[in-house]
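Below is one structure, written out as structure tokens, with a few remarks after it.
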Amino acid sequence: MSTTPQLPYSELLQLKRWNTPTIYNGWEQVTKRNPAADAFNIEETRDFMPQMGPMVGYAVTVVIEPSNPNHRKTNPNAGAEYRRYIASIPGPKIVVIQDLDKPRVIGSFWGEVNANAHRALGCIGTITDGAIRDLDEMTNAGFKSLARRLCVGHAFPSPVRWGCEVEVFGTKVNPGDLIHADKHGFMVLPPEEQAGLLEAARFMDANECNTVIPVVRNSTGRPTLEIAEELEKSIATFSQNVREKFKREGEW
């Protein structure tokens, strides 16, 4: 597993201009994996800061079990060791947390202090299979969060292990995976799928804008059978463009 960023920051900023479904449309054309089962959250998640738009960064990972006080006793230095791990990885970083208490999540790793601390260490947000709290303060810190729910307390959120493979919302994530996330959910892209992603997403977005979308948005006052005929032609053009570019079929 790689913890070295694969893409320049300028490309990450361009990926951030699109929503996560648009990134999926590009990924679908460059992946060798199953576009009906891989790379995205299988279970429902919730974006608690949708007004912040998408977040794009590289995964750093940690496992917690807030219901269990024994982890802090087993390794009283876990917090400091975990923070050194976070500080050692180049950003931008998204903290991906597997909560072993799932589905009965009771405590939050996150709050005002931890969000600001991680922001200072180069993290831009989190995807946690557990809970968050201090929502307004986390938003004020500019620390975006996708989570299962809100909660009141922190319980015993000491890190159990970190820098390892985790599973969140039915999806496995490794350190160094590229994360693109927004209110729709998130995508997880390993290093081998990152290089061609921007070009593919840009192409698929332009392909829609040049074929299907103009037909359906320019329909006022026109006979519906005429619109249907033009729509079929535009879909055929859309699909032909995809075949010529990627040697694959588009969603149509």
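Data overview
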read-out	value
Given (1) outside any helix (DSSP H, G or I); (2) in contact (Cβ under 8 Å) with a residue 60 or more places away in the chain; (3) open to solvent by 40 Å² or more (accessible area, probe 1.4 Å); (4) not acidic (Asp, Glu), index of the condition residue 172 fails	(2)
Residue within the stretch 131-146 that is under 24 Å from residue 77 (Cα atoms), open to solvent by less than 40 Å² (accessible area, probe 1.4 Å) and at pLDDT below 95 present	no
Criterion violated by residue 181 - all others in (1) assigned to a strand (DSSP E or B); (2) open to solvent by 40 Å² or more (accessible area, probe 1.4 Å) satisfied	(2)
Residue tally, condition touching a residue at least 24 places away in the same chain (Cβ under 8 Å), open to solvent by less than 80 Å² (accessible area, probe 1.4 Å) and either part of a helix (DSSP H, G or I) or among the hydrophobic types (A, V, I, L, M, F, W, C) (or both), over the stretch 70-80	3
Options 67, 88, 108; residue that is open to solvent by less than 10 Å² (accessible area, probe 1.4 Å), within 23 Å of residue 159 (Cα to Cα), over 18 Å from the mean Cα position of the chain (by Cα) and of a type outside the set (D, E, K, R)	108
Single match in 206, 195 (criterion: closer than 26 Å to residue 246 by Cα, in a loop (DSSP other than H, G, I, E, B) and of a type outside the set (D, E, K, R))	195
Matching entry among 72, 119 (being over 22 Å from residue 172 (Cα atoms), basic (Lys, Arg) and under 19 Å from the mean Cα position of the chain (by Cα))	119
Leading residue by the ranking (nearest to residue 86 (Cα to Cα)) among those in the stretch 111-130 that are surrounded by fewer than 24 Cβ atoms within 10 Å (Cβ to Cβ) and among the small types (Gly, Ala, Ser)	122
Selection from the stretch 214-227 of residues that are open to solvent by 50 Å² or more (accessible area, probe 1.4 Å) and not in a loop (DSSP other than H, G, I, E, B)	214, 216, 217, 224, 225, 226
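The values are calculated or read from the model by the stated rules, or taken from the named source; none is laboratory data. Keep in mind it's a predicted model, so treat the numbers as computed, not measured. Here Cβ is always computed from backbone atoms with ideal geometry, including for glycine, and neighbour counts include all displayed protein chains. Heavy atoms of the whole protein, side chains included, go into the accessibility calculation; ligands, DNA and RNA do not. Shrake-Rupley method; radii C 1.70, N 1.55, O 1.52, S 1.80 Å.
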